[in-house]
Structures are given as structure tokens and as C-alpha cells.
């Protein structure tokens with residue numbers, strides 16, 4: 001009675017979780033202990049090995065949410081809706097962690113916890129959109145309608161985010177130059193190895209978390225359906241007996 | 001019903017019900033007046049400070065006022081199950097959307113045009129040569145706000161806590177409109193040459209086109225049940 005994909009997730013999710021743990025452990029070891037301090041930033045550079053992968057992963061998570069939402073509106077597959085809901089909350093987690101680590105990094109390098117830097121502003125707006133998404137899902141009584149509305153919000157947000165980033169960048173650069181830029185600085189191997197490891201680790205961690213969360217959401221819905229709570233539900237027509 | 005006829009009827013319906021009750025426009029106008037008063041209390045402004053802040057004040061007032069109008073646009077359809085009639089109506093959903101956008105756009109723009117002289121009066125602005133450009137900016141930014149806003153007004157009307165959720169969902173998405181409108185208005189009011197701020201007007205045009213098309217397509221999924 002349980003969906004085929006859910007069963008595949010059950011079988012393979014351990015590999016993703018294990019891979020994530022391995023990559024993050026190795027990346028943290030090399031990044032925090034084995035690699036030399038940076039020429040410009042000294043020991044401070046080490047927070048980058050956590051901050052940059054988190055930020056990358058949150059954009060990856062939003063892309064999953066965006067394309068998943070388009071797919072959901074098109075095919076109305078309830079499992080995709082569960083996956084969108086899962087990636088939205090995990091994307092919110094990664095975005096807030098990226099903002100917090102960025103803020104900790106900004107204090108010693110820019111001498112302020114917060115500045116109206118384009119990337120900070122666009123990540124904050126991303127977090128606000130995700131907050132709206134999560135609230136929206138809780139405020140709709142009919143779960144099918146909620147999934148559809150949330151998908152609409154995610155699609156509008158996904159189209160809007162590049163425009164937001166672009167307009168904020170434009171707005172700030174007209175006022176003041178960016179105080180710190182990594183553009184034009186070539187990245188040495190000492191940085192590249194732990195950074196790549198941590199990025200792969202975070203992506204695997206994201207995949208693992210989405211798998212587990214999707215499973216939970218799907219099984220909860222299935223349980224509710226069995227108890228007969230989803231009356232208006234076309235939800236489980238695709239489950240294999 | 002043919003497409004353009006539907007648009008005309010939806011606009012006509014909204015205009016007539018507004019003319020008979022005068023609810024939306026009057027509440028928008030009074031709210032905007034209060035916002036202007038609050039701003040003039042909060043900042044003690046001389047001529048220089050006013051010139052610095054006025055573009056932001058104008059757009060904060062216009063956006064919040066617009067949100068009131070946008071929220072009313074679909075909550076008024078809740079009475080007598082009008083929303084369900086719209087859902088069941090054998091007209092293209094996109095046409096209903098465009099009609100609602102047009103009506104909201106007309107309400108917002110007319111409130112803005114009524115309010116702007118008050119801003120000029122209260123804050124001693126010098127606007128004679130900038131009026132044409134300002135009208136273009138008002139037109140484009142209002143179109144952007146009402147195209148996204150109408151979509152989210154229709155979306156939030158069927159959920160709990162709808163009055164709170166409309167601004168919570170709409171304002172982060174309207175960030176580009178706000179930035180572009182404020183920057184362009186500031187440029188126009190300070191008498192800069194047009195080429196200094198024309199890129200913001202281009203951004204407004206791009207936003208309007210993208211979000212009218214996207215919302216037109218997505219609106220079908222809101223009314224369909």
C-alpha cells in the first residue's frame with residue numbers, strides 16, 4: 001500500500017546520510033585543523049567552510065522547491081507536494097543558518113553584525129518568503145488547496161528572487177561599493193578541498209533531510225487518509241496496492 | 001463569454017459596487033492621510049530632510065494604502081457567495097484576473113493622484129517640471145503592485161488570518177517594485193536628468209510584464225477547486 005518511491009527512499013536514504021556525515025566530518029577536519037590560515041583573514045577564514053556551503057545549499061533547496069512546485073501544479077502528485085513542503089522548511093533552516101554564520105563572520109571582518117549588503121538583503125527576503133510559505137500551509141484548512149496555494153507562492157517567489165537580488169545589488173552599488181569581494185581572487189587548493197567537501201556534504205545532508213521529512217509527511221497523510229480525515233482527497237490514487 | 005467582454009464586465013461590476021458603497025476608496029484615502037500625519041510627527045522635517053525622505057514616505061504610504069484596497073477587492077466577494085459564482089462562471093479565469101487587476105489598478109492610481117497634491121502641500125515639494133515623469137512612475141509601479149497583489153488577494157481570501165497574510169506574503173515579493181519606485185521618484189523629485197534613473201523605470205516595466213503574465217497563468221489554479 002505504500003508508494004514505490006517511498007520504499008526506494010527507505011532503501012537508499014542511509015547512503016545519503018552516511019555520505020553527508022563522512023564529507024562533513026572530513027571537510028570540517030581539513031578546514032578547521034589541517035588547512036593553513038588565510039593570508040588576508042587569518043584564522044577567520046575557517047568560518048567560510050561552514051557559511052558558504054550553507055548558503056549554496058539554501059539556493060539549491062529553493063530551486064528544488066521551485067521546480068517541485070511547478071511539477072506539482074502540473075501533475076498534482078501528492079508525493080511532490082510533500083517533497084516541496086519538506087524542502088521549504090529545510091531551506092528555511094539552511095537560510096537562517098547561513099545568515100547567522102554570515103553575521104558571525106561579518107563582525108570581525110566588516111566590524112559589524114549586520115550591513116545592508118545585497119546578498120544579505122536577498123537572503124533575508126528569501127527567509128521572509130519561506131516564512132510566508134510555511135505560515136500559508138498552516139493557515140489553509142483543506143490540505144490539497146493548501147498545497148496548491150503554497151506552490152503558487154513558491155513559483156512567484158522563485159521568479160521574483162533573481163529580480164530581487166538584481167534590484168538590491170543595483171540599489172546598493174549605486175550608493176556604496178561592496179566592502180568585501182572575493183571576485184578576481186583565485187582560490188588556492190588549501191581552501192578548495194575543504195570547501196568542496198563541505199559543499200558536497202551539505203548537499204547530501206539536504207537530500208537526506210528532505211528524504212526523511214518527505215517520508216514522514218507522506219506517511220502522516222496516509223495515516224490521516226486511512227482514518228478517513230481527508231474527505232476531499234484525490235490524494236492516494238497513485239499508491240500501489 | 002468572450003475574453004475582453006469578461007474583463008469589461010468585471011471592471012464595470014467593481015466600479016459600480018464601489019460607486020454605490022464608496023467603501024474602498026474612502027477607507028484608502030483616510031488611511032493614507034493618517035500615514036502622512038504619522039510620518040510628519042515621526043520626523044521633524046525641514047526642507048532638506050523632506051527632500052531626502054519624501055520618496056520613501058510617498059511609497060510607504062501608497063503601498064500600505066494599496067494593500068487595503070487589494071484586500072478589499074476579494075473580501076467583498078465573500079458576501080452572498082460571490083466568490084463561488086466567480087469560480088463557477090463559464091468565463092475564462094484569466095479574464096476575471098485581468099478585470100480585477102484593472103479595477104484595483106484604477107482604485108489605487110486614483111487614490112495616489114488624489115493624495116499626491118497633499119504631499120506637495122504638506123512637505124513643500126517643488127514638482128512642476130517632474131509631474132509627467134512622476135505620473136509614469138506611479139502608473140508602472142501601481143501596475144506592478146496590483147498585478148502581484150490581485151493574485152495574492154485572491155489567494156489569501158480563502159484562508160484563515162487573511163488580513164495579516166496578504167501583506168506578509170505580498171511585501172517581500174514587492175521589494176523590487178518598492179526599490180525601483182522609490183529610487184525613480186527620488187531621481188525625478190531632485191531634478192536629475194532622466195538618464196540617471198531611467199534604468200529603474202526599465203526595471204518596473206520588466207517586473208510588470210513578467211508578473212502580469214505569471215499571475216495570469218497562476219490565477220487559474222487559485223479559482224479552480
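Each value in this text was obtained by applying a stated rule to the coordinates, not by laboratory testing. Note that this is a predicted model, so its numbers are computed, not measured. Cβ sites come from the backbone with ideal geometry, for glycine too, and all protein chains shown count toward neighbours.
Label positions at residue B:80 and residue A:103, each projected 7 Å from the Cα along the C-beta direction, are separated by 5.1 nm. Where only DSSP H runs of four or more residues are counted, chain B gives -29000 deg cm²/dmol as its mean residue ellipticity at 222 nm, each run worth -39500 (n - 2.57).
Sorted from greatest to least, the principal axis extents spanned by the alpha carbons of segment A:10-132 come out as 52, 37, 16 Å.
Spacing of the modelled spin labels on residue A:192 and residue A:138, each 7 Å from Cα toward Cβ, amounts to 4.5 nm. The Rg/Rh ratio of segment B:1-84, with Rg taken over Cα atoms and Rh as the Kirkwood radius over Cα pairs, comes to 1.16.
Each residue in B:63, A:101 was given a count of other beta-carbon atoms within 10 angstrom of its own, and listing them fewest first yields A:101, B:63.
Take every pair of alpha-carbon atoms less than 8 Å apart whose residues are at least six positions apart; their mean separation over the length of chain B yields a relative contact order of 28 percent. Distance from the alpha carbon centroid of segment B:155-225 to that of segment A:68-132 works out to 21 angstrom. Remark: relative contact order (segment B:137-225) = 43 percent; criterion is Cα-Cα distance under 8 angstrom and separation of 6 or more residues. Each of B:77, B:84 has some number of other Cβ atoms within 10 Å of its Cβ, and from fewest to most they run B:84, B:77.
Of the residues B:42, A:35, the one with the fewest other Cβ atoms within 10 Å heads the list, and the complete ranking is B:42, A:35.
Quick one: Debye curve from the C-alpha atoms of the protein assembly as shown, no solvent, what's log10 I(q)/I(0) at q = 0.09 Å⁻¹? The Cα Debye sum returns log10 ratios of -0.71.
To the nearest ten degrees, helix A:78-110 and the longest principal axis of the Cα atoms of chain A are 20 degrees apart.
Computed from the Cβ-Cβ distance with R0 of 35 Å, the FRET efficiency linking residue A:223 to residue B:161 stands at 0.80.
Averaging the sequence gap over all C-alpha pairs within less than 8 Å and six or more residues apart, then dividing by the number of residues, gives chain A a relative contact order of 38 percent. Only helical runs count toward this figure. For chain A, summing -39,500 (n - 2.57) over DSSP H runs of n ≥ 4 and dividing by all residues gives -27000 deg cm²/dmol at 222 nm.
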